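The values are calculated or read from the model by the stated rules, or taken from the named source; none is laboratory data. Values in this document were obtained by computation on a predicted structure and should not be read as measured data. Please note: Cβ atoms are built from the backbone with ideal geometry, for glycine as well, and neighbour counts cover all protein chains shown.
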Amino acid sequence: MNSGKKAQLSLYNHQFFAVVLNLAIKNHSGLEVLKFVRTKHAGQRVMVLVESVEELKKDNLDGEKLRKLGATEVMVKPFTLDQLRDVLEGQQTIDDLVKNIAKPTGPTEEMEVKETDANFTKVKIEEFYTGRAILFDVFIQLGKDKYVKILFAGDTFSIERLNRYKNEKGVQFLYFHNTDRKKYIQYCNYLASKIITSVKVSGQAKVKMMKATAEKLIEEVYSVGLKPQAVEESKQLAQNMYQLIENQPDLYQVLREFQEFDPNAYTHSYSVTLFATAIIKQFEWQSKVMIETTALACLLHDVGKVKMPKELVEKRPATMTQAELEIYKKHPEFADQILSNNLMIGQNVRQIILQHHEYFNGTGFPNGLKGNKVLSISNIISLCDDFVHFMIAEKTSPPETLKRILVDSDLVKRYNSLILENFIKVFVDPGKISKNRALPSNSRLVPNKRAAS
Ligand SMILES: [Fe+2]
Ligand SMILES: [Fe+2]
């Protein structure tokens, strides 16, 4: 409809899954309608459509402001119907998903299928999470392009059955269609948000569950691009991460024992997120927003690599040719380009990601920034990025890996020393950290008292 007044009237009389609101609507402005929805229909999803970013700027608006005014999503024209569908799908809740599970048609006995491996994604059987109702078909692999469907969407989940596959048949991985990955991510994220503050669930189990979510989420982004639903889920994951960092008393112990030697790019982003947010927590200036922003930036920090040739993604810079290295060094800027198309990602996250390979001593890239020109959060990510690569390459425990960095004077210069100091604290029982301990610092984050006097 093309009248704001009519839209409001309709909202009185009907329930909608989502309202798609053109900001340029006539007869009662889009902003008025947005205000109306926020005050009278709190919780209603609203997708706001805008003519262009320039138009928005003219009205002194941007994505963040619109969100504060009640927009769930902001889309800039032109967009295709597919893109609109993606955005709407991203807004489905778990309840919507469960309601829409396709009921099994025909037999639900095991069924052999021939289908290309490229259509499937896998999870370790012990890391597979599902609710009582299976949201999608689940398979085990028999051989190349050959699978058996073992669970059907709509089936009731049985842990006994899964254990039989694991223990009696030695099955290590479960498979599902790439097109169902979104549902899996959404379900894991939802489950994590439910258990994250529970004292009955161990810190280790929480860290593992979030890892399962993050890996599939990053895989989804690498395979289909950064769709609105992935942004939404990344934000949820960042919130879950904050809860973990804030409320898990034995986190230092879990992080000490964290073992991850998988060089896979998806796993990498999660490990960086985990350690970087734990470091932020040690700073006096930390806050909920800061931790969530860091988590989001960490999850997406290497998104620019989707613009690199596939064979370069898993390669380490030390083994690259000069030409390859040049492309690799562009990935922070590629990320910035990708993120600039997304109004739901703030400027601060883009800035952090753009600098995630800059070093405190100016030897980083893309701009060779130095000292406090490098954002502290970016320097934390660059440290964690190096740290995770060392941990995997040398198969050392997290505390050993940190020690290895601390004894190398060339490496130490790359990072603000206050950050390194706070990294040490990540592995120490918080109850045993003396508040007044002061170590020498090369940091300009904290004013140098002697210089000031
Ligand atoms: Fe990177
Ligand atoms: Fe990285």
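Restricting attention to segment 285-343, the residues being within 16 Å of ligand 1 (Cβ to nearest atom) and of a type in the set (Val, Ile, Thr) number 7. When residues in segment 184-231 are screened for being within 16 Å of residue 136 (Cβ to Cβ), among the basic types (Lys, Arg) and surrounded by fewer than 20 Cβ atoms within 10 Å (Cβ to Cβ), 0 of them pass.
Looking only at segment 326-344, count how many residues are outside any helix (DSSP H, G or I) and more than 19 Å from residue 54 (Cβ to Cβ). Of the residues in that region, 2 qualify.
Taking the condition closer than 26 Å to residue 412 by Cβ and either of a type in the set (Val, Ile, Thr) or more than 15 Å from ligand 1 (Cβ to nearest atom) (or both), does residue 346 pass? When the stated conditions are applied, residue 346 does not pass them. What about residue 42, is it surrounded by 12 or more Cβ atoms within 10 Å (Cβ to Cβ) and either over 30 Å from the mean Cα position of the chain (by Cα) or not assigned by TED's automatic domain parsing to the domain that holds residue 349 (or both)? Criteria not met by residue 42. Note on segment 198-295: enclosed helices (runs of 4 or more DSSP H) holding 1 or more residues that are within 16 Å of ligand 2 (Cβ to nearest atom), hydrophobic (A, V, I, L, M, F, W, C) and in the same structural domain as residue 336 (by TED's automatic domain parsing) are 203-224, 265-280.
For residue 230, the requirement of being more than 15 Å from ligand 1 (Cβ to nearest atom) and within 18 Å of residue 344 (Cα to Cα) is met.
Residues that are more than 16 Å from ligand 2 (Cβ to nearest atom) and either surrounded by fewer than 21 Cβ atoms within 10 Å (Cβ to Cβ) or not in a helix (DSSP H, G or I) (or both) within segment 377-401 comprise 394, 395, 396, 397, 399, 400, listed in sequence order.
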